[in-house]
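Let me begin by presenting the structure, written as structure tokens, before commenting on it.
The values are calculated or read from the model by the stated rules, or taken from the named source; none is laboratory data. These figures come from a predicted structure and were not determined experimentally. Note that we place each Cβ from the backbone using ideal geometry, even for glycine, and neighbour counts take in every protein chain shown. Heavy atoms of the whole protein, side chains included, go into the accessibility calculation; ligands, DNA and RNA do not. Shrake-Rupley method; radii C 1.70, N 1.55, O 1.52, S 1.80 Å.
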Amino acid sequence: MSTSLLTKRALACSLKQLMEHTPLNKITVKLLVEDCGLNRQTFYYHFQDIFELLGWIYQTEAVESIARYRSYSTWTDGFYRIFCYIENNKTFCCNTLDSLGRSHLDTYLYEVTSDLVMGVLQELSAGMEVSGEDKAFIANFYTLAFTGLIIQWMRSGMKEQPKHMIEQLSVMIEGNFTQALHKYEKKLVQP
């Protein structure tokens with residue numbers, strides 16, 4: 001593992017630990033580097049600001065870990081992993097949700113969910129004539145619905161079990177991706 005990656009991970013670990021008891025908006029670069037025993041110059045060599053570090057954490061810890069769940073048979077597993085990541089990092093994620101860093105959480109949720117949904121749509125639309133624009137619209141619609149559900153779950157204290165939510169989503173979504181694709185395919189075929 002490179003020294004650069006080790007330094008980034010040390011900074012990430014310190015930020016997550018600090019966010020256990022300090023709101024993100026109160027954490028300064030000075031406080032962060034003092035916590036992990038580095039200097040400000042080292043921090044700025046790797047990150048422009050704390051929000052960039054925050055985005056890096058979401059990208060490396062969560063986004064990359066669900067890349068293999070982009071199929072119709074595995075999308076529920078990928079979505080479950082998103083719920084589990086948030087549950088396992090509850091204070092960190094909730095602190096982000098209630099801060100100026102909220103856009104990083106939104107971006108993380110949107111990217112991972114969109115990636116999962118688009119993977120499913122690509123698989124299901126094989127052999128269909130559906131425009132990329134229509135697939136993107138369908139993916140955006142479901143992504144916004146899913147991310148809204150996750151944010152609401154977080155705001156309500158994460159009381160509902162992720163497995164139960166995934167089961168409910170699965171029932172509701174079953175067949176809807178394919179049905180939407182067929183409707184858009186017919187739209188292209190009609191005179």
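Of everything in the range 45-54 that's closer than 27 Å to Val112 by Cα and either without any contact (Cβ under 8 Å) to a residue 40 or more places away in the chain or of a type in the set (D, E, K, R) (or both), which residue is surrounded by the most Cβ atoms within 10 Å (Cβ to Cβ)?
Filtering first and then ranking leaves Phe47.
Listed here are the residues, each with its yes/no results for (1) closer than 30 Å to Phe177 by Cα; (2) open to solvent by less than 40 Å² (accessible area, probe 1.4 Å); (3) not in a helix (DSSP H, G or I).
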position	(1), (2), (3)
Leu5	no, no, no
Ala12	no, yes, no
Phe43	no, yes, no
Trp56	no, no, no
Ala62	yes, yes, no
Tyr69	yes, yes, yes
Tyr72	yes, no, yes
Thr76	yes, yes, no
Phe83	yes, yes, no
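Within the range 22-42, residues that are more than 16 Å from Arg9 (Cα to Cα) reach partners that are open to solvent by less than 70 Å² (accessible area, probe 1.4 Å) with beta carbons closer than 6 Å, at six or more positions or on different chains, in the pairs Leu24/Asn95; Leu24/Ser99; Leu24/Gly101; Asn25/Ser99; Ile27/Leu18. Is it the case that some residue within the range 160-173 is in contact (Cβ under 8 Å) with a residue 12 or more places away in the chain and over 17 Å from Tyr69 (Cβ atoms)? No. Condition check: at pLDDT 85 or above and under 19 Å from Pro162 (Cβ atoms). Does Asn95 satisfy that? Judged against the criteria, Asn95 is not a match. Of the residues examined, Thr91 is not one that is part of a helix (DSSP H, G or I) and surrounded by 13 or more Cβ atoms within 10 Å (Cβ to Cβ).
Can Phe43 be described as hydrophobic (A, V, I, L, M, F, W, C), at pLDDT 85 or above and over 30 Å from Gly132 (Cβ atoms)? Taking the combined requirement at face value, the residue satisfies it. Of everything listed in (1) part of a helix (DSSP H, G or I); (2) open to solvent by 10 Å² or more (accessible area, probe 1.4 Å), the single unmet condition for Glu20 is (1).
Within the range 150-169, the set of residues being open to solvent by 30 Å² or more (accessible area, probe 1.4 Å) and under 19 Å from Tyr110 (Cα atoms) comprises Gln152, Arg155. When residues in the range 29-41 are screened for being open to solvent by 70 Å² or more (accessible area, probe 1.4 Å) and over 23 Å from Asn88 (Cβ atoms), 5 of them pass. Of all residues in the range 94-109, those satisfying the criterion of being surrounded by fewer than 20 Cβ atoms within 10 Å (Cβ to Cβ) and part of a helix (DSSP H, G or I) are Cys94, Leu97, Arg102, Ser103, Asp106, Thr107. Might you check whether a residue that is crowded, with 16+ Cβ neighbours inside 10 Å, in contact with an Asp or Glu (Cβ under 9 Å, 6 or more places away or on another chain) and not acidic (Asp, Glu) occurs anywhere in the range 112-126? Checking the range 112-126: at least one residue is crowded, with 16+ Cβ neighbours inside 10 Å, in contact with an Asp or Glu (Cβ under 9 Å, 6 or more places away or on another chain) and not acidic (Asp, Glu). What residue, of Lys183, Lys135, is among the basic types (Lys, Arg), closer than 19 Å to Tyr72 by Cβ and in contact (Cβ under 8 Å) with a residue 40 or more places away in the chain? It is Lys135.
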